[in-house]
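Here's the structure, in structure tokens; my notes come after.
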Amino acid sequence: MTRVYGCGVLILIRHPYDRRNWKSKVDQRIKPIRRLLETVSAVVRDVAHRGSRQKRKIGVFEEMEPRTMLAADLLSVGAVYIEQDLGSDALGDTIEFSFTGGAEQTELRQIILSTDRVIPGLSAGDVVFDVAPGGLGADGSSAFAVLQKPAITTVFSHVLDGSTQMTIDLSGFYTGDKLVVSLDVDEVEFFSPYESELDRINSGLDPITSGVEFQGVSLSASFTAPGFYDQSVSAQFWNKYDAELSSSGLPLTPDYASGLRDRTAGAFATGQQSPLPVVIGGSVVLDRDANGREDVTDGRISDVTLELFRRSVDTYVDTGLRAVTDANGKFEFPASDSLTPGIYQLRQVQPHGYVSVGAAIGSVDGLASGLAISSDVITEIDLSAPSASGRDFLFFETQPVSVSGQVLAEDYSSGELALVGVSGAEVDVLRNGQVIARTTTSIIGEYSVDGVLPGDFQIIQRTPENLFDGPEIVGTVNG
């Protein structure tokens, strides 16, 4: 008998006559060895335990989910109007703009201020931009000027003297940037639509526009970002805005910053950008030689249905969308399907009258993507980037072929030569050197293997017992 204990081997030889004496002597001899082995085992357990604790302490690497596109950060834009309040128009009034958040490379492209606050058209309570001398406005005028901007930002202003709208077009203005402009702002205190004399109209304008008088002016801001729909947000200026400024975190002037009340007004808005839809497409190939690649002699198959699934956590969920190949064998899930970025799976519905050869992954924006897990399923298609475009995902089908023949034996029982079918003869059918089917002949000696892929075939017949191998006769292909 041999017993193995961790790191030692003890061989016991049993005496055939004195069982009790043998057991007693053996017990005495193995006690020290048992104690040694128990000590060794304890040491091994302790080392293993320490290793386990150390492993937990250091940490282990775990397989992570592939990265997918998360929603863009919330856009937060703000503007602050500051009245210089020097009692005249010696200096223009100041307006600050800034934004944070948004998707990567988000730009603020346009700002519109509309000061037509009451009823459409100029009326009492409106605010006008007095940017040139001699026109509508009180006291002096102050043209549009840029006081602060990032070096790479270009600014184009569109504001007419005496108008109630200012448009600023921007380029190169990104999250965290700040723009400060200056121009004269006057408030319409009194206005008669029947008055035509400019001096009398201007007499109803106030060169000082306080924060509360600027309240109600509307702000509109438009943003662009690669892979996202353009986003526009709007808000109104309010005399009190510190709470909104604080929550926005924007680097703008707070209310009462100068210690004087009612000199400022602020407008703040938020918005969520939406990613552009992703698209995916490919073809179903008539693989005539069933070699799993598209050759010049191959064709395409129309009216084949493709199903689209989207990954959710650790499984794929049917989107409910279907695409059907056109006359050229092409299919597409277009932008009009409004597919959101994610990881997708294509499933081909097996077309009637064909057999599957295989599938080939395509590319997403020029990079290979996907995993062909069967001849009808391509999975792990990474369309997680906004507006990602997946192309050239291929499914290969072919028209099946059949191989048939007959095993015959010579029969002289009638005194003349006759050929009779051999029942139960074993026949192997090989395609491209590989056995694809093993069958036996029918009662009249016929065999047939149907629904197989095209290729080079070889027929091997196993000679039945009591018969000798005879000659083979070649058959025909398509007649």
Using a basic spin-label model with each label point 7 Å from the Cα along Cα→Cβ, how many nm lie between LYS330 and ALA145? 5.8 nm
Pop out the ³J(HN,Hα) list for segment 177-187 in order, Karplus 6.51 cos²θ - 1.76 cosθ + 1.60 with θ = phi - 60°, rounded to Hz; leave Gly and Pro as x. 6, 9, 10, 10, 10, 9, 6, 8, 10, 10, 9
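Can you give the FRET efficiency for ASP303 and ASN432, using 1/(1 + (r/R0)^6), R0 = 30 Å, r = Cβ-Cβ distance, to the nearest 0.05? If you can, show how the numbers build up before the last one.
Details: r = 30 Å, r/R0 = 1.00.
With a Förster radius of 30 Å, E is 0.50.
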Among the chymotrypsin sites (Phe, Trp or Tyr not before Pro) within segment 372-479, which fall in a DSSP loop and have no more than 12 other Cβ atoms within 10 Å of their own Cβ? TYR412, PHE468
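At 0.36 nm per residue, and after removing the present C-alpha to C-alpha distance, how many nm does the segment from GLU189 to LEU74 gain when stretched out fully?
Going from the current span to full extension adds 37.5 nm.
Multiply the residue gap between LYS240 and GLU380 by 0.36 nm, knock off their C-alpha separation, and tell me the result in nm, one decimal place.
Additional length available on full extension: 45.2 nm.
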Based on the mean of other Cβ atoms within 10 Å per residue, sort peptides 181-188, 422-429 so the most packed one is first. 181-188, 422-429
Treating every alpha carbon of segment 279-398 as one equal point scatterer without solvent, the Debye formula yields log10 I(q)/I(0) values at q = 0.14, 0.16, 0.18, 0.20 Å⁻¹ of -0.52, -0.68, -0.86, -1.06
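Could you please report the charge total around VAL349, scoring K, R as +1 and D, E as -1 over all other residues with beta-carbon less than 13 angstrom from its beta-carbon?
Details: positive: ARG322, ARG347; negative: ASP303, GLU307, ASP318, ASP376, GLU397.
Neighbour charge sum, excluding VAL349 itself: -3.
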Within a 10 angstrom radius of the beta carbon, how do THR264, THR315, THR379, THR154 rank from fewest other beta carbons to most? THR315, THR154, THR379, THR264
Sort ARG300, ARG462 by Cβ crowding within 10 Å, fewest neighbours at the top. ARG462, ARG300
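Ranked highest first by the average count of other Cβ atoms within 10 Å around their residues, in what order do 436-444, 244-252 fall? If you can, show how the numbers build up before the last one.
Details: 436-444: 14.3, 244-252: 16.4.
Output ranking for 436-444, 244-252: 244-252, 436-444.
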Angstrom value of the Kirkwood radius, inverse mean 1/r, which spans all Cα pairs in segment 73-271: 17.1 Å
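Could you please rank ARG310, ARG288, placing first whichever residue has the fewest other Cβ atoms within 10 Å of its Cβ? Don't skip to the answer; put the middle values down first.
Values: ARG310 18, ARG288 13.
Starting with the residue having the fewest Cβ neighbours, the order is ARG288, ARG310.
With only alpha-carbon pairs counted, each pair once and no self-pairs, how large is the Kirkwood hydrodynamic radius of segment 401-462 in angstroms? Don't jump to the answer; show the numbers that get you there.
Working: mean 1/r = 0.0804 Å⁻¹.
It is 12.4 Å.
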The Kirkwood hydrodynamic radius of segment 343-459, taken as the inverse of the mean 1/r over all distinct Cα pairs, in Å, comes to 17.8 Å
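Rule-based calculations on the coordinates, nothing more; no lab input. As the structure is a computational prediction, the values presented were derived from the model and not from experiment. Virtual Cβ from ideal backbone geometry, glycine too; neighbours counted across all protein chains shown.
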